[in-house]
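K.L.:
Got a structure here, written out as structure tokens. Questions coming.
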Amino acid sequence: MDAGTVIVTEEKQQSGANKPEERPGSGPGKPREAGQRDAGQRDGGQTPEPSAKGKDAKTAPERKRSRNLSEDKRFKLFSGTANPELAKRIAQHIGVALGDAKLQRFADGEVYFQLLENVRGVDVFVVQPTCYPVDQHLVELFIMIDALKRASASRITVVVPYYGYARQDRKDRPRVAISAKLIADLLTTAGANRALFVDLHAAQIQGFFDIPVDHLFASPVLVSYFRELNLPNLTVVSPDAGGVERARFFAQKMGSPLAIVDKRRTDINVAEVMNVIGDVEGQTCLIIDDIIDTAGTLVKTVDALYAAGAGSVYACASHAVLSGPAIDRIATSRLEQVVVTDTIPLREAAQKLPKIKVLTISGLLGAAIESIHMETSVSSLFN
């Protein structure tokens, strides 16, 4: 096979590296001393009668799962090429090594993926945001899912921090596709059994899936940062009517008033800001959005807020797509700071821009992955 250059071959972490802190009752049991017998070997090999505490015994599926994921042979975490650094941080957070796999490309661009370890009967998680180049990373994800399915993984959970095509979630014009639904169908058809997303552009996209979906919000990470920043006279701003619910939640957590910018889009990636609803005069404004794409909406919102008398303007978003002229627009804008998460890896030019600060959501995703594997509630992560 004449394959292209290897893009990703995950290496095992060093033994003992990033070992998670053992919690009381969660670590491995004490080693058996020499001469100590199993319960079944006592009394002539007779199995002892169940004790009164037998009703509290763990079920077989529970016994398969160790509280320490590094010791759990029924758990594996794999990464595509879209954001391997985030996958490594998630692996470090939960104390496991990334699964060993090989991903290559043929000269014509076709993807070749091979698992280099056994996943039969394993609960597998695949980390792959569908960021630029979107179609390439989607195809990689489909092929990884298919390989895992054919290798007899017991369950495949796709961890997609950024869900591409999410903005095409309805027919807003005649004769257009609902691409968000199409991608949902393709993921399910490929073999995904469960999906984990962060800040979908529209929450109802969850309904496009016929498999269980866990929808996380980056708000806890962003709220924590801005609480520590302790900005005076803070007003949270939604850049459009569609983001009011997200901004309202953020404002409630910060204990701040809410303002809305009326935006009317005239064409794809072109937006026109009309006016500000709410009092922002003399206030420190914080614009909340899920995606920063070309930053056209963002900079026009900033101009509208300053025109309405705002004292200073900050911005934060879950997904830093930053396509086209976005970086130049942010650099030349009057924004004090733009705070984003690492659902998408920043381009080199964005990394060099002092105005942009990146917060990691690896802890949030790691906790969600642990909860899904242990079959416990993830609702506490919404706080």
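Each reported figure results from applying straightforward, stated rules to the coordinates on display, with no laboratory input. All figures in this text were calculated on a predicted structure; none of them were measured in a lab. All Cβ positions, even for glycine, are placed from backbone atoms using ideal geometry, and neighbour counts span all protein chains on display.
K.L.:
How many residues does segment 193-220 hold that are more than 30 Å from Ser152 (Cβ to Cβ), aliphatic (A, V, I, L, M) and part of a helix (DSSP H, G or I)?
P.N.:
Within segment 193-220, residues that are more than 30 Å from Ser152 (Cβ to Cβ), aliphatic (A, V, I, L, M) and part of a helix (DSSP H, G or I) number 1.
K.L.:
Name the one entry in Ala190, Ala177 that is touching a helix residue (DSSP H, G or I) at 6+ places or on another chain (Cβ under 9 Å) and of a type in the set (A, V, I, L, M).
P.N.:
Answer to the selection: Ala190.
K.L.:
Within segment 230-262, can you find the residues that are surrounded by fewer than 16 Cβ atoms within 10 Å (Cβ to Cβ), part of a loop (DSSP other than H, G, I, E, B) and without any contact (Cβ under 8 Å) to a residue 40 or more places away in the chain?
P.N.:
Asn230, Gly255, Pro257
K.L.:
Run down Leu141, Leu116, Leu103 and say which single residue is closer than 16 Å to Val198 by Cβ and of a type in the set (A, V, I, L, M).
P.N.:
Going through Leu141, Leu116, Leu103 in turn, the sole match is Leu141.
K.L.:
Give the number of residues within segment 327-367 that are of a type in the set (S, T, N, Q), farther than 17 Å from Tyr162 by Cα and in a helix (DSSP H, G or I).
P.N.:
Total meeting the criteria: 2.
K.L.:
Now for a different question. If I go through segment 127-181 residue by residue, how many of them are more than 21 Å from Leu77 (Cβ to Cβ), of a type outside the set (A, V, I, L, M) and assigned to a helix (DSSP H, G or I)?
P.N.:
Residues meeting the conditions: 4.
K.L.:
If I go through segment 292-310 residue by residue, how many of them are touching a Ser or Thr at 6+ places or on another chain (Cβ under 6 Å) and part of a helix (DSSP H, G or I)?
P.N.:
Qualifying residue count for the region: 2.
K.L.:
So is Asp328 without any contact (Cβ under 8 Å) to a residue 12 or more places away in the chain and out of contact with any Ser or Thr (no Cβ under 7 Å at 6 or more places or on another chain) or not?
P.N.:
Against the criterion (without any contact (Cβ under 8 Å) to a residue 12 or more places away in the chain and out of contact with any Ser or Thr (no Cβ under 7 Å at 6 or more places or on another chain)), Asp328 qualifies.
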